Amino acid sequence: MKQNWMKWMAACVALLAPPALADSPEKKSPAHELSLGATSIAYASFYSLSPTVYTADLAYSRALASEGFWSRVWVGGGVRGGLPTRLRSMPLEVYAQARLSARLGIWEGLVGPEFGVGGMASLYPLLADNDGGNLEKDMVGPWYFGFGAAPLRFHLGRVMLSGLEFNFGASGPALGASAVIRVTLLRVGVSL
């Protein structure tokens, strides 16, 4: 099963790779991007839900190369932070991500994994006989792993506009005890 997944990913990556370009005497540096977004985050498990937390998201990413296949691979990271609530005194996440890109004109879609640590999760029990404190301890952890996509992403010169980016992931002590959904409602960035 794992080998089939790896073959499928390799085939997708091969389709996204641009044709080989002739070497030019002048080397370009890889692309860099700095962006700011507004993200909503919600956690859920079979027995509980969390309130939605709205955060500001500051991110940096760069292409691994200026030409060829590796110019389509972006790596980066960022920080998300929200306003304190009665459940969380410091809603903050730090994350790293790797993304594959496909570009057509001004449109550029991104897809890839994200790994992070933070303190956004807080679950409410749905059933009255559940002990919320023990449930939260068993179901929510600081680490998460997710897979995301940015299908509505556009470049207007050096300015990037993106909306409805989504990331579905798992959280908890065993990275699967609860699900986490992140939706970046709007992101504005600039190429450096």
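The values are calculated or read from the model by the stated rules, or taken from the named source; none is laboratory data. Nothing here was measured: the structure is a model prediction, and the numbers come from that model. Neighbour counts run over all protein chains shown; Cβ positions are idealised from the backbone, glycine included. Ligands, DNA and RNA are excluded from the accessible area calculation, which covers all protein heavy atoms including side chains. Shrake-Rupley method; radii C 1.70, N 1.55, O 1.52, S 1.80 Å.
If I go through segment 88-119 residue by residue, how many of them are part of a strand (DSSP E or B) and hydroxyl-bearing (Ser, Thr, Tyr)?
Adding up the residues that qualify gives 2.
Taking the condition modelled with pLDDT of 90 or more and open to solvent by 90 Å² or more (accessible area, probe 1.4 Å), does Leu36 pass? Considered against the rule, which asks whether it is modelled with pLDDT of 90 or more and open to solvent by 90 Å² or more (accessible area, probe 1.4 Å), Leu36 comes out as yes. Whether any residue in segment 41-53 is at pLDDT 90 or above, part of a strand (DSSP E or B) and hydroxyl-bearing (Ser, Thr, Tyr) is what I want to check. No - not one qualifying residue is present in segment 41-53. Restricted to segment 158-184, and to residues that are over 29 Å from Arg103 (Cα atoms) and open to solvent by less than 10 Å² (accessible area, probe 1.4 Å), which residue is modelled with the lowest pLDDT? The extreme case among them is Gly172. If you go through segment 75-94 and keep only what is at pLDDT below 95 and either open to solvent by less than 40 Å² (accessible area, probe 1.4 Å) or under 12 Å from Ala31 (Cβ atoms) (or both), you end up with Arg80, Gly81, Gly82, Pro91, Glu93.
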